[in-house]
1. Among (1) touching a residue at least 12 places away in the same chain (Cβ under 8 Å); (2) within 17 Å of the chain's Cα centre (by Cα), which single condition is Lys46 missing?
2. Determine which member of the set Thr54, Thr20 is assigned to a helix (DSSP H, G or I) and more than 17 Å from the chain's Cα centre (by Cα).
3. Out of (1) without any contact (Cβ under 8 Å) to a residue 24 or more places away in the chain; (2) touching an Asp or Glu at 6+ places or on another chain (Cβ under 9 Å); (3) closer than 30 Å to Asn38 by Cα, what's the single condition that is false for Leu64?
4. Determine, yes or no, whether Asp42 is open to solvent by 100 Å² or more (accessible area, probe 1.4 Å) and modelled with pLDDT of 90 or more.
5. Please enumerate the residues belonging to region 1-39 that are touching a Pro at 6+ places or on another chain (Cβ under 8 Å) and surrounded by fewer than 19 Cβ atoms within 10 Å (Cβ to Cβ).
6. Name the one entry in Arg98, Arg27 that is under 30 Å from Val116 (Cβ atoms), without any contact (Cβ under 8 Å) to a residue 12 or more places away in the chain, in contact with a helix residue (DSSP H, G or I) (Cβ under 9 Å, 6 or more places away or on another chain) and not hydroxyl-bearing (Ser, Thr, Tyr).
7. Select from region 64-96 the residues that are outside any helix (DSSP H, G or I), under 25 Å from Lys5 (Cβ atoms) and either touching a strand residue (DSSP E or B) at 6+ places or on another chain (Cβ under 8 Å) or open to solvent by less than 60 Å² (accessible area, probe 1.4 Å) (or both) and list them in ascending order.
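The values are calculated or read from the model by the stated rules, or taken from the named source; none is laboratory data. Computed from a prediction, not measured in an experiment: that's the story for all the values here. For neighbour counting, all protein chains shown are included, and Cβ atoms are generated from backbone atoms with ideal geometry for every residue, glycine included. Just the protein is used for accessible areas: all its heavy atoms, side chains included, with ligands, DNA and RNA removed. Shrake-Rupley method; radii C 1.70, N 1.55, O 1.52, S 1.80 Å.
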Amino acid sequence: MARIKNVDLPDNKRIEVALTYIHGIGRKLSKNILTKLNINLDKKVKELSDEEVTMIRKELDNYLLEGDLRREVSMNIKTKMEIGSYQGIRHRKGLPVRGQSTRRNARTRKGKGKTVANKKK
(Lines give C-alpha, C1' and ligand atoms only; values in the text may rest on other atoms or scores of the structure.)
Protein backbone atom coordinates (compact mmCIF):
# COMPACT_ATOMS: atom_id res chain seq x y z
CA MET A 1 0.00 0.00 0.00
CA ALA A 2 1.48 3.31 -1.14
CA ARG A 3 1.30 6.24 1.25
CA ILE A 4 1.43 9.69 -0.32
CA LYS A 5 0.69 12.97 1.54
CA ASN A 6 -0.38 10.95 4.62
CA VAL A 7 -3.09 9.17 2.61
CA ASP A 8 -3.09 5.40 2.08
CA LEU A 9 -3.83 4.70 -1.56
CA PRO A 10 -5.89 1.53 -2.18
CA ASP A 11 -3.78 -1.27 -3.73
CA ASN A 12 -6.30 -2.72 -6.18
CA LYS A 13 -7.31 0.55 -7.87
CA ARG A 14 -5.76 2.09 -10.95
CA ILE A 15 -3.24 4.79 -10.04
CA GLU A 16 -5.28 7.40 -11.92
CA VAL A 17 -8.27 6.77 -9.62
CA ALA A 18 -6.23 6.12 -6.47
CA LEU A 19 -4.60 9.57 -6.60
CA THR A 20 -8.06 11.15 -6.34
CA TYR A 21 -8.23 9.88 -2.73
CA ILE A 22 -5.91 12.80 -1.89
CA HIS A 23 -7.86 15.97 -1.10
CA GLY A 24 -7.30 18.49 -3.89
CA ILE A 25 -6.65 16.01 -6.70
CA GLY A 26 -9.38 15.18 -9.20
CA ARG A 27 -9.34 12.93 -12.24
CA LYS A 28 -8.03 15.63 -14.57
CA LEU A 29 -5.09 16.66 -12.36
CA SER A 30 -4.31 12.99 -11.68
CA LYS A 31 -4.20 12.25 -15.40
CA ASN A 32 -2.03 15.33 -16.09
CA ILE A 33 0.50 14.39 -13.39
CA LEU A 34 0.79 10.78 -14.56
CA THR A 35 1.21 11.69 -18.24
CA LYS A 36 3.86 14.25 -17.26
CA LEU A 37 5.76 11.51 -15.39
CA ASN A 38 5.23 8.92 -18.17
CA ILE A 39 3.43 6.48 -15.87
CA ASN A 40 0.79 4.21 -17.39
CA LEU A 41 -2.70 5.27 -16.25
CA ASP A 42 -3.93 1.65 -16.14
CA LYS A 43 -1.24 0.50 -13.70
CA LYS A 44 -2.49 -0.62 -10.29
CA VAL A 45 -1.04 0.95 -7.16
CA LYS A 46 0.52 -2.34 -6.02
CA GLU A 47 2.37 -2.62 -9.37
CA LEU A 48 4.16 0.72 -8.93
CA SER A 49 7.90 0.64 -8.30
CA ASP A 50 9.53 2.64 -5.51
CA GLU A 51 11.05 5.06 -8.03
CA GLU A 52 7.63 5.81 -9.52
CA VAL A 53 6.15 6.44 -6.08
CA THR A 54 8.97 8.86 -5.21
CA MET A 55 8.51 10.63 -8.57
CA ILE A 56 4.80 11.07 -7.80
CA ARG A 57 5.61 12.37 -4.29
CA LYS A 58 8.08 14.92 -5.68
CA GLU A 59 5.59 16.09 -8.31
CA LEU A 60 2.81 16.46 -5.72
CA ASP A 61 5.02 18.73 -3.60
CA ASN A 62 4.41 21.43 -6.24
CA TYR A 63 0.65 21.49 -5.48
CA LEU A 64 -1.41 22.70 -2.54
CA LEU A 65 -3.04 19.52 -1.19
CA GLU A 66 -4.55 17.85 1.90
CA GLY A 67 -4.05 19.76 5.18
CA ASP A 68 -2.60 22.91 3.62
CA LEU A 69 -5.50 23.16 1.16
CA ARG A 70 -8.10 22.56 3.89
CA ARG A 71 -6.43 25.19 6.09
CA GLU A 72 -6.36 27.76 3.28
CA VAL A 73 -10.03 27.21 2.43
CA SER A 74 -11.09 27.54 6.07
CA MET A 75 -8.97 30.70 6.43
CA ASN A 76 -10.65 32.18 3.33
CA ILE A 77 -14.07 31.47 4.86
CA LYS A 78 -13.04 33.00 8.20
CA THR A 79 -11.74 36.11 6.42
CA LYS A 80 -15.06 36.55 4.60
CA MET A 81 -16.91 36.18 7.89
CA GLU A 82 -14.67 38.75 9.62
CA ILE A 83 -15.00 41.43 6.94
CA GLY A 84 -18.76 40.90 6.87
CA SER A 85 -19.13 40.20 3.16
CA TYR A 86 -22.38 38.74 1.85
CA GLN A 87 -20.84 35.28 1.55
CA GLY A 88 -19.40 35.57 5.07
CA ILE A 89 -22.81 36.42 6.50
CA ARG A 90 -24.35 33.42 4.72
CA HIS A 91 -21.60 31.18 6.13
CA ARG A 92 -22.25 32.55 9.63
CA LYS A 93 -26.00 31.90 9.36
CA GLY A 94 -25.50 28.41 7.90
CA LEU A 95 -27.36 29.21 4.68
CA PRO A 96 -26.40 28.47 1.05
CA VAL A 97 -23.62 30.80 -0.03
CA ARG A 98 -23.81 30.81 -3.82
CA GLY A 99 -27.27 32.17 -4.55
CA GLN A 100 -29.34 29.01 -4.26
CA SER A 101 -33.02 29.26 -3.38
CA THR A 102 -33.91 28.59 0.27
CA ARG A 103 -37.70 28.65 0.11
CA ARG A 104 -38.17 24.90 -0.12
CA ASN A 105 -34.84 23.16 -0.53
CA ALA A 106 -31.34 23.85 0.89
CA ARG A 107 -31.66 21.10 3.49
CA THR A 108 -27.96 20.27 3.29
CA ARG A 109 -27.05 23.66 4.73
CA LYS A 110 -30.13 24.35 6.86
CA GLY A 111 -30.45 20.92 8.46
CA LYS A 112 -33.61 18.98 9.21
CA GLY A 113 -36.86 20.85 8.56
CA LYS A 114 -38.59 22.56 11.46
CA THR A 115 -42.38 22.36 11.48
CA VAL A 116 -44.16 25.69 11.78
CA ALA A 117 -47.72 25.63 13.14
CA ASN A 118 -50.50 27.11 10.99
CA LYS A 119 -52.08 30.33 12.12
CA LYS A 120 -55.84 30.06 12.84
CA LYS A 121 -58.05 32.45 10.95
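1. With respect to (1) touching a residue at least 12 places away in the same chain (Cβ under 8 Å); (2) within 17 Å of the chain's Cα centre (by Cα), Lys46 is out only on (2).
2. Exactly one of Thr54, Thr20 is assigned to a helix (DSSP H, G or I) and more than 17 Å from the chain's Cα centre (by Cα), namely Thr54.
3. Unmet for Leu64, out of (1) without any contact (Cβ under 8 Å) to a residue 24 or more places away in the chain; (2) touching an Asp or Glu at 6+ places or on another chain (Cβ under 9 Å); (3) closer than 30 Å to Asn38 by Cα: (1).
4. Working: open to solvent by 100 Å² or more (accessible area, probe 1.4 Å): no; modelled with pLDDT of 90 or more: yes.
No; evaluated as a whole, the condition is false for this residue.
5. Let us first name the residues in region 1-39 that are touching a Pro at 6+ places or on another chain (Cβ under 8 Å), namely 1, 18, 21.
Within region 1-39, Met1, Tyr21 meet the criteria.
6. After applying the criteria, what remains is Arg98.
7. Filtering region 64-96 down to residues outside any helix (DSSP H, G or I) leaves 64-65, 84-85, 94-96.
Filter once more, so that each one left must be under 25 Å from Lys5 (Cβ atoms): 64-65.
Across region 64-96, the qualifying residue is only Leu65.
Per-residue answers, yes or no, for (1) over 25 Å from His23 (Cα atoms); (2) at pLDDT 95 or above; (3) of a type in the set (Gly, Ala, Ser):
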{"residue": "Glu72", "(1), (2), (3)": "no, yes, no"}
{"residue": "Thr79", "(1), (2), (3)": "no, yes, no"}
{"residue": "Tyr86", "(1), (2), (3)": "yes, yes, no"}
{"residue": "Ile89", "(1), (2), (3)": "yes, yes, no"}
{"residue": "Val97", "(1), (2), (3)": "no, no, no"}
{"residue": "Arg103", "(1), (2), (3)": "yes, no, no"}
{"residue": "Lys114", "(1), (2), (3)": "yes, no, no"}
{"residue": "Ala117", "(1), (2), (3)": "yes, no, yes"}
